[in-house]
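Here is the structure we will look at, set down as structure tokens.
The values are calculated or read from the model by the stated rules, or taken from the named source; none is laboratory data. Predicted model only: the values in this text are computed from it and were never measured. FYI the Cβ positions are ideal-geometry reconstructions off the backbone, even for glycines, and counts take in every protein chain you see. SASA here: full protein model, heavy atoms, side chains in, ligands and nucleic acids out. Shrake-Rupley method; radii C 1.70, N 1.55, O 1.52, S 1.80 Å.
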Amino acid sequence: MGLLSDPNRRRALINLLTRLNAPICVVCYMAGVAWFMGLAFEPFTLRTYMSENAMGSTMVEERFPSGERAVATGREFAAHKKKVSGMPVEWLVKTMQARGLEVYTQRFSRTLPFPDENKERYMVKGTNVYGILRAPRAPRTEALVLSAPCTPGDNNNQAVGLLLGLAQYFRNQIYWAKDIIFLVNDHDLIGMQAWLEGYHHTNTTGMDWSPLQGRGGSIQAALSLELSSDVVTSMDLVLEGLNGQLPNLDLANLFYAFCQKIGVLCTIQGKLQRNDWDSVSGYSHAVQTMMLMVMKQASGRPWGDHGLFLRYHIEAATIKGINSFRQYKTDATTIGRLLEGMYRKLNNLLERLHQSYFFYLMPSLSHFVSIGYYMPAFGLLAVILLLRALDLWVQLATPPPTTEDGIADIEQVRHAHSSSPGVLSVLTPLVISHLTGAALYMLPIRFQEMAVEHFPVSETEAVVLTAIAVYTLLTIIGTEQGWRVLKLVALLYLAVLLGCTALINFSLGFILALTLVPAAAFVTPHVPKVLSAFVLVILSPACTLLFSVFFFQELQEMPVSFLDGWLLYLSVISQGILDHFLYGSLVYPLIALLVYPCWLLFWNILFWK
Amino acid sequence: MSGLPGFLIDDRLHFPSCPSQGGQRFLVEMAAPLTLLLVLAVTIRAALFRSSLAELIAERVEVVSPITAWKRVVEGLALLDLGVSPYSGDVFHELADVITAVALYMAVKDYNKQVFRKQKFALEADRYPLDCLELIRSPKEMYYIPLKVAMFYLLNPFTILSCVAKSTCGLNNAVVALFIFSTIKGNTLLSAIFLCLATYQSIYPLTLCAPAMLYLMQRQYIPVNFRRASFWWFIAQYLFMYLGSLFVLICLSFFLLGSWDYMPSVYGFILSVPDLTPNIGLFWYFFAEMFEHFRLFFLCVFQINVFFYTIPLSVKLKEHPVFLIFMQLAVISIFKSYPTVGDIALYMAFLPVWSHLYRFLRNTFLVSCVLLACSTLFPVLWHLWIYAGSANSNFYYAITLLFNVAQILLVSDYFYAFLRREHHLTYGLYLKRKDGSEATLVLK
């Protein structure tokens, strides 16, 4: 506490911080970025290990035999799907009943706020079919879910076949202590949302669905199965859920452990594990994998059907079968054994998965970075804002050597009082930029119909164009001195905002900090206007998103031309808005209502007169 | 008087609250902004009451605690079979806030008048060192303080949240504000009655007894001297009124309920902290973690915090009872067993009264940053803990701790600044060491 009470030492520290403010900020920024890049370096990461006792040693035997039959069932399912051109509800009900499950259906319908052009849907109607395998050995208070989406086209038939095959096999085993729910959901995430809301008696998004007739116990864990082609060479694990939420790390460990045991090639973000961490290519591979995870998490959207389970405190992941044209093929029996092993382990759980980490990044499937290691990278960026704020605070107070001890010339005090800006001069830009933010949030949906009437554009484009039009609106308010107070407020606002964002979704917070912090640090009314305005626009949230789109494509090794990238950018914005209205993703309101107004404050400071 | 600059004398002559023709003008001038403020505050609350946020806020643990939750009041009333409660409307809660604000406004106005009068006498007696003139308060800066106090209370987001959540904390605050008002007006009987009401609601205001008595004695020119009979006579008088009204209240409750059950379930609940729902206080986590056989000991240690500081603070601040009231309110809201943000709002309303201490405050930046960050982190970490399930109670408690440390820092900073100003007023502003170099004050 000496620092808090001893004026001499305080003065020395504050002098140091204000004199060396700019260099310290630059060093912090570099250190933050370097720290972040260092996270992917293998010696700095931890090896994954199973924390949950109940799943500790791999003492289960996988005996699932009937992969071939599952594939045949999948073909049958495909035929019926083609016949009714949609979900073959009756066939599914019959087949599930024949396998000894309690079968129920749920109907749902939802009208999107505007047509989704990626998936070509507007008014969605569908039916979920699910069968419950009642636990023979326990009081049916807990349940596990295995789901497979019924997608249009030939994509996921094998997964449904495997699900039915597993149902039949599981039915004959006696060791189940939890209900197992086999769910085939229609219209992927929308169907999943309807089912989860029905299961938990909540309605957060205003969807119409019929109530569920049968329920199991409280769901402990869920896996979603997607097999994109009939030939599978490797299994990919998808963890990123709604709002960047991740399942407990033990679920990933479980998957990894069984892949090792059975000998299946396993990937994360579609990237295989490499052992040459000390080479440049090995390190860049790890960076690529981690950056992909960061980008996906930052987007805040569910990257598989599992993403919506996480909101209900249910640990869930999507397992994807991928055909990467390798020699080694994985047949349906092996995948079935993998799933059987995982379910038997999950069946042993005595409580929810909670022992391992919830906040982590994975540079490979066998290594992870925990919150304690990655938060300093963000902290180093956030501290810049606080340092700048401290600098401004000291400038705003009367000359430092005398005020620090509370003694100052009376003239200076009076001067400070007379020139201190009123509350209004700070409040006005704050209110105006928030109103602009609110407009950005409301207008795209409100005015899309109007725009469609008057211009020959498609509805999605109308939405996106409105969003951008609001975005480039300039607001310049010129009054006298008070920009320092405004900047102080804006800096603290940004620091708190980014801090809260990084706690909920580290990746989003970090990416926003990467661009917004330099913008916030350098802006004053006295820098060259045109150049800084250009830099500020480059560092705005909209441009951050544009760069992220290109960067993401680059990481996936699918580079796009600028025009394609622009189209992709537009569709990403409309997807973000849809995600908000359909599933309650928070990224769009966060950007529109808080981050963008905050950026506008800095814009105001630049054009302060 | 020779060293006085002209502006001071002028300002004093035109001090608007002098009971002359200025008083009339003053009333008109000040009533308008206050009314505007009240209308604005009530509008904000009414709008929030009608919005969907009201339900959300009423569930927040930061805003309501087991003893202030409106839900429980309604439950209790229903159990009493009183039918529809007359208090169930939101107007009632808005009214409580308005009463608090107006009472504080009047109290501070009166207090400022006295401070100014005292300063005037001291100036005329040449009691202040010459270089302290800049420390002397001018009527210009004091003019808007009462309005600022009302504004700090009514527009404080903490108060608004507390009111919209229909927390009964607003009622407690109203009673305490009325107590402060009647004390500053010098009405011994009303002061004792309101203090007894506040004590009756939640035990802690008991510690406000000391500043109230000190203030009333100062007002009646009774010296604080243990050997004087008048001192003891006054204390006996006050305690008699206080305990007498407490006795009447307790008996009334007994006759209303027909049993003594309410004593353990109200005061036992406050003192023995059986409900460990998380809140912004220090108790819940500690007692949730503790082994049962240490419970009583630590309960005493924790509870004694609230009461113990009364003695040293009263000794140190016996000349400045109103500042003592502020300190006591802060101590209560930090160390009480079920604190909510409404309690914090009450003592924060007093901050403008001490705006002249601003130059001696040392940690304003740090404290305001921490308080701001903590207030936003509370809901975020609560979400991560309860809804997302990814964080745990340690995260939330860490923020609680930080929040309370910041509050303690704030209060001790004000305490230090107050003592320092008093020190300068007696020894001069520019302290010299023995060798003639400039000295700095160091608090160790």
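Per-residue shielding of B:362-370, expressed as the average number of other chain Cβ atoms within 10 Å of the residue Cβ, stands at 4. Scanning residues 5 or more positions from residue A:218 or on other chains, those with amide H under 5 Å from its amide H are A:142, A:143, with H placed 1.01 Å from N in the peptide plane.
From the cross-link list B:120/B:140; A:94/A:178; B:185/B:336; B:113/B:185; B:109/B:166, which pairs have alpha carbons spaced over 20 Å apart? Don't jump to the answer; show the numbers that get you there.
Working: B:120/B:140 15 Å; A:94/A:178 24 Å; B:185/B:336 28 Å; B:113/B:185 11 Å; B:109/B:166 29 Å.
In this structure, A:94/A:178; B:185/B:336; B:109/B:166 exceed 20 Å between Cα atoms.
Round to the nearest 0.05 the FRET efficiency obtained for residue B:134 and residue A:567 when R0 = 60 Å and r is the Cβ-Cβ distance. Calculated value: 0.35.
Kirkwood analysis of the range B:282-353, using all unique Cα-Cα pairs, places the hydrodynamic radius at 13.6 Å. Whole-Hz Karplus values for the range A:163-173 come out as 4, 5, x, 5, 4, 5, 5, 4, 4, 8, 8 Hz, taken residue by residue from phi with 6.51 cos²θ - 1.76 cosθ + 1.60 and θ = phi - 60°; glycine and proline positions read x. Size descriptors for the range B:146-239: radius of gyration and Dmax over Cα atoms are 15.7, 51 Å.
Label-to-label distance, residue B:297 versus residue B:185, with points set 7 angstrom from Cα along the beta-carbon direction: 5.0 nm.
The residues neighbouring residue A:55, those whose beta-carbon lies less than 14 Å from its own, together hold a net charge of +1 under the Lys/Arg +1, Asp/Glu -1 convention. Here the convex hull built on the C-alpha positions of the range B:230-276 has a volume of 83 cubic angstrom per residue.
Which log10 I(q)/I(0) values, to two decimals, does the range B:289-444 give at q = 0.17, 0.18 Å⁻¹ under the Debye formula with one point per Cα? Each listed q corresponds, in turn, to -1.12, -1.20.
Would you mind computing Rg(Cα) / (2.2 N^0.38 Å) for the range A:60-99, counting N as its residues?
Numbers: Rg = 12.6 Å, N = 40, 2.2 N^0.38 = 8.9 Å.
Normalised by 2.2 N^0.38 Å, the Cα Rg of the range A:60-99 equals 1.41.
Backbone amide hydrogens, once placed in the peptide plane, bring residue A:185 within less than 5 Å of A:148, A:150, excluding anything fewer than 5 places away on its chain. Take each residue in A:500-510, count the other chain C-beta atoms within 10 Å of its C-beta, and the mean is 2. The range B:161-193 and the range A:478-549 have Cα centres separated by 44 Å.
Maximal additional length on extending the residue B:355-residue B:262 stretch stands at 29.2 nm, based on 0.36 nm per residue less the C-alpha distance.
Around residue B:382, with a cut-off of 14 angstrom between Cβ atoms, what is the net charge of the other residues, counting Lys and Arg +1 and Asp and Glu -1? Neighbourhood net charge equals -1.
Between residue A:267 and A:235, A:236, A:237, the built amide H atoms are under 5 Å apart, and every one of these is 5 or more places off in sequence or on another chain.
For the range B:329-421, what does the convex hull of the Cα positions come to per residue, in cubic angstrom?
Numbers: hull volume 8.6 nm³, N = 93.
Measuring per residue, one finds 93 Å³ for the Cα hull of the range B:329-421.
Loop-located trypsin sites (Lys or Arg not before Pro) in the range B:124-177 (DSSP state other than H, G, I, E, B) with a sparse environment of at most 12 neighbouring Cβ atoms within 10 Å: B:127.
Site pair residue A:204 and residue B:393 shows an inter-label distance of 2.4 nm when each label is modelled 7 Å from Cα along Cα→Cβ. For the pair the range B:297-353 / the range A:120-190, the C-alpha centres are spaced 59 Å from each other. If one computes the Cα centroid of the range B:33-61 and of the range A:20-47, what distance in Å separates the two points? Using only Cα atoms to place each centre, the spacing works out to 45 Å. Between the beta carbons of residue A:281 and residue B:276, assuming R0 = 45 Å, the FRET efficiency works out to 0.25 to the nearest 0.05. For the peptides B:206-212, A:528-534, A:143-149, the ranking by packing is A:143-149, B:206-212, A:528-534, with the highest mean count of neighbouring Cβ atoms within 10 Å listed first.
Per-residue Karplus couplings for the range B:288-297, computed as 6.51 cos²θ - 1.76 cosθ + 1.60 with θ equal to phi - 60°, are listed in order as 6, 7, 7, 5, 4, 7, 8, 4, 4, 4 Hz, Gly and Pro entered as x. Among the lysines of the range A:270-380, pairs that are 8 or more positions apart or on different chains and have alpha carbons within less than 22 Å of each other number 6. Magnitude of the charge dipole for the protein assembly as shown, about its Cα centre and with charges confined to Cβ atoms of Lys, Arg (+1) and Asp, Glu (-1), is about 1920 debye. Taking the helices alone, the protein assembly as shown has a mean residue ellipticity at 222 nm of -19000 deg cm²/dmol, built from -39,500 (n - 2.57) per DSSP H run of at least 4 residues and averaged over all its residues. Measuring max minus min along each principal axis, the C-alpha atoms of the range A:1-130 give extents of 83, 51, 29 Å (largest first). Placing a label point 7 Å from the Cα of residue A:229 along the Cα-to-Cβ direction, the residues of the range A:295-336 with a backbone N closer than 14 Å are A:321-330. Taking the protein heavy atoms of the range A:1-157 in the context of the full set of protein chains, the accessible area attributed to carbon and sulfur is 56 percent at 1.4 Å. Each residue of the range A:583-589 is assigned a 3J(HN,Hα), and the resulting list reads 10, x, 5, 9, 5, 4, x Hz, derived from the Karplus form 6.51 cos²θ - 1.76 cosθ + 1.60 (θ = phi - 60°), x at Gly and Pro.
For the peptides A:380-389, B:258-267, residues were scored by their other Cβ atoms within 10 Å and the scores averaged per peptide; the highest-first order is A:380-389, B:258-267.
For the chain pair B and A, the buried solvent-accessible surface (1.4 Å probe, both sides summed) amounts to about 2700 Å². Relative to the longest principal axis of the Cα atoms of chain A, the long axis of helix A:249-262 lies at roughly 40 degrees.
The three principal axes of the C-alpha atoms in chain A carry coordinate ranges of 92, 60, 47 Å, sorted with the longest axis first.
The residue A:109 and residue A:72 beta-carbon pair, evaluated with R₀ = 41 Å, returns a calculated FRET efficiency of approximately 0.80.
With Cα atoms as the point set, the radius of gyration and Dmax of the protein assembly as shown evaluate to 33.6, 109 Å. In the context of the full protein assembly, residue B:395 retains an accessible surface of approximately 70 Å², using a probe radius of 1.4 Å and ignoring ligands and nucleic acids.
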